[in-house]
Amino acid sequence: MVRSRGAPPAVAAPEPEGYARALAALARRRRFGMRPGLEGIRGLLAELGHPERSLTAVHVAGSKGKGSVATLVAAILTAAGGPTGLYTSPHLVSYRERIRVDGAPIGPEAVVRGLEEVEAATVRARRRDRSLAEPTFFEATTALGFAHFARSRVRSAAVEVGLGGEFDATNVLSGAVGVIGTIELEHTDVLGPTLGHIARAKAGILHPGMRAVTGETKPEPLAELERAAGRIGVPLWRLGREVRVLGRTVTERGQELDLATPHREHRGLRLPAHGTFQARNAALAVAAVDLFEAMTGRSVPEAAVRRGFSDFRIRGRLERAARRPDLYLDVAHTPESAAALAESLVEIAPFSVPSDNVLLFGCLAGKRAEEILEALAPLAATVVVAPVHSDRALPVEALRRAAQGRFPRIVLAPSVPAGLGLARAATAADGFTLATGSDYLVGEILRSLGEGPADEPDLSDPTLLGKAAPAASGGERP
């Protein structure tokens with residue numbers, strides 16, 4: 001079912017038994033963990049007939065904003081005509097959010113059939129080459145996505161990197177355009193200890209014959225990206241130089257933007273999303289589309305850019321989910337993204353009084369919880385801390401310690417849905433509730449608000465697969 005333009009993507013109820021069994025088998029692949037490297041995914045895709053070779057892709061990496069950039073690129077290319085794929089991770093409510101064609105999530109039957117094909121291809125690949133390891137959760141999902149795009153005759157796709165870049169499973173693509181957003185200290189155990197190390201890992205998506213754009217402006221990581229692009233001859237546009245935000249007006253429904261690239265100017269683009277960070281993401285998406293047109297010769301008229309902007313929808317990015325009092329949801333899980341979130345909330349609620357507002361916060365262990373809460377502390381006098389639904393959740397007592405000294409009032413909740421109730425009750429009518437800290441937290445809230453099918457399996461907890469989880473969270477980037 002293809003959604004109507006401008007409407008949020010519909011997620012129909014899946015066939016519960018076969019779909020749940022298929023996802024249960026897929027979730028068991030989490031035991032293989034993260035495995036940087038491309039040998040496994042290449043062997044798997046070879047058995048599937050190399051579906052990735054049928055795609056002309058915009059490949060999107062970076063520490064934040066990847067999902068927004070990829071989603072907006074896909075919306076514009078869909079408006080320009082021809083089936084367009086979108087591959088993102090993690091998901092918030094339904095696994096099927098990860099793989100879309102022209103905005104429509106992959107169907108449950110296609111998930112079941114596609115995962116059966118992936119399993120069969122795995123057996124063949126390992127029989128042919130016994131050195132190949134079993135595919136991870138993310139490798140199997142990537143193979144499913146590319147095969148679904150090929151079966152759907154997708155010509156163009158926006159593909160978000162899962163983690164890093166160079167050794168990410170999606171890096172089997174020969175993208176026409178690469179996008180590298182900002183660089184932050186994240187996954188340092190995998191990507192390296194400094195911004196320079198992380199930039200080098202993310203620059204691994206750059207390949208000879210493509211063109212690229214970056215939103216990074218900090219000297220150290222930008223220098224690494226420029227060196228990597230120069231070494232292999234990839235022309236690189238930079239936000240603030242070749243790509244510019246010429247003008248920006250905040251509106252009730254979002255913002256109106258004037259953007260410019262060396263290719264053309266885009267005036268009066270209406271984006272139905274708030275946040276200064278979304279203006280930067282929009283500039284990167286427009287630059288990527290202009291480069292895509294130049295690289296492929298496929299026409300992307302200005303009318304398609306405008307239609308793509310108006311069709312843009314993404315959950316959990318400064319999303320206002322309720323009013324009076326307002327409820328904002330955001331997946332910020334780094335200090336830098338929390339600071340950008342705080343800046344944007346001050347912009348759209350300039351007269352807000354911290355004593356009227358409540359922060360609902362939960363995150364995974366290993367995140368910089370104290371620094372995140374420090375960035376959010378000016379927004380609210382009260383914080384409700386709750387453990388997200390994951391075996392990697394930061395316990396509520398650790399959350400309390402991270403909040404101590406930063407908020408006058410700290411409330412402990414046993415779960416995210418319970419925390420939402422407490423936060424909403426404590427928020428003044430003219431204030432707002434901000435729920436943030438993790439994709440898991442936002443996914444749980446959306447579920448508690450009745451979003452998505454009731455029997456969608458919960459991939460965050462394999463023991464619940466096949467059951468209706470009352471407060472399930474989305475999957476995670478492996």
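Just a few scattered comments:
- Listed by position, the strands (runs of 3 or more DSSP E) contained in segment 49-118 that have at least 3 residues being under 29 Å from Arg270 (Cβ atoms) and not charged (D, E, K, R) are 56-61, 84-87.
- Criterion (more than 21 Å from the chain's Cα centre (by Cα), under 20 Å from Phe167 (Cβ atoms) and not in a loop (DSSP other than H, G, I, E, B)) met by exactly one of Ala150, Ala125, Ala133: Ala125
- Remark: pairs (first residue in segment 166-179, assigned by TED's automatic domain parsing to the domain that holds Ala61 and farther than 23 Å from Phe137 by Cα; second residue of a type in the set (A, V, I, L, M) and surrounded by fewer than 23 Cβ atoms within 10 Å (Cβ to Cβ); Cβ separation under 7 Å; 6+ apart in sequence or on different chains) = Ala176/Met295; Val177/Met295.
- Restricting segment 138-179 to residues that are crowded, with 21+ Cβ neighbours inside 10 Å and aromatic (Phe, Trp, Tyr), the residue that is farthest from Val73 (Cα to Cα) is Phe138.
- Against the test of being within 27 Å of Ala70 (Cβ to Cβ) and in the same structural domain as Ala79 (by TED's automatic domain parsing), the options Arg126, Arg113, Arg130 yield a single qualifying residue, Arg113.
- Considering only residues in segment 413-443 that are free of Cβ contacts under 8 Å to residues at least 60 places away in the same chain and part of a loop (DSSP other than H, G, I, E, B), the one that is nearest to Ala402 (Cα to Cα) turns out to be Ala413.
- For beta carbons closer than 6 Å, sequence separation of 6+ or different chains, a first residue in segment 444-457 that is at pLDDT 85 or above and a second that is of a type in the set (D, E, K, R) and in a loop (DSSP other than H, G, I, E, B), there are no qualifying pairs.
- Test result for Val385, in contact with a strand residue (DSSP E or B) (Cβ under 7 Å, 6 or more places away or on another chain), buried (at least 18 other Cβ atoms within 10 Å of the Cβ), among the β-branched types (Val, Ile, Thr) and at pLDDT 95 or above: yes
- The set of residues from segment 241-270 being over 13 Å from Ser344 (Cβ atoms) and either of a type in the set (Val, Ile, Thr) or within 24 Å of the chain's Cα centre (by Cα) (or both) comprises Val243, Arg244, Val245, Thr249, Thr251, Arg253, Glu256, Leu257, Leu259, Thr261, Leu269, Arg270.
To keep it simple, each residue is scored yes or no on (1) closer than 19 Å to Val159 by Cα; (2) of a type in the set (Lys, Arg).
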{"position": "Leu257", "(1), (2)": "no, no"}
{"position": "Arg270", "(1), (2)": "no, yes"}
{"position": "Gly275", "(1), (2)": "no, no"}
{"position": "Ala283", "(1), (2)": "yes, no"}
{"position": "Phe292", "(1), (2)": "yes, no"}
{"position": "Gly297", "(1), (2)": "no, no"}
{"position": "Arg306", "(1), (2)": "no, yes"}
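The values are calculated or read from the model by the stated rules, or taken from the named source; none is laboratory data. Since the structure is predicted, the reported quantities are computational estimates derived from the model, not experimental observations. Here Cβ is always computed from backbone atoms with ideal geometry, including for glycine, and neighbour counts include all displayed protein chains.
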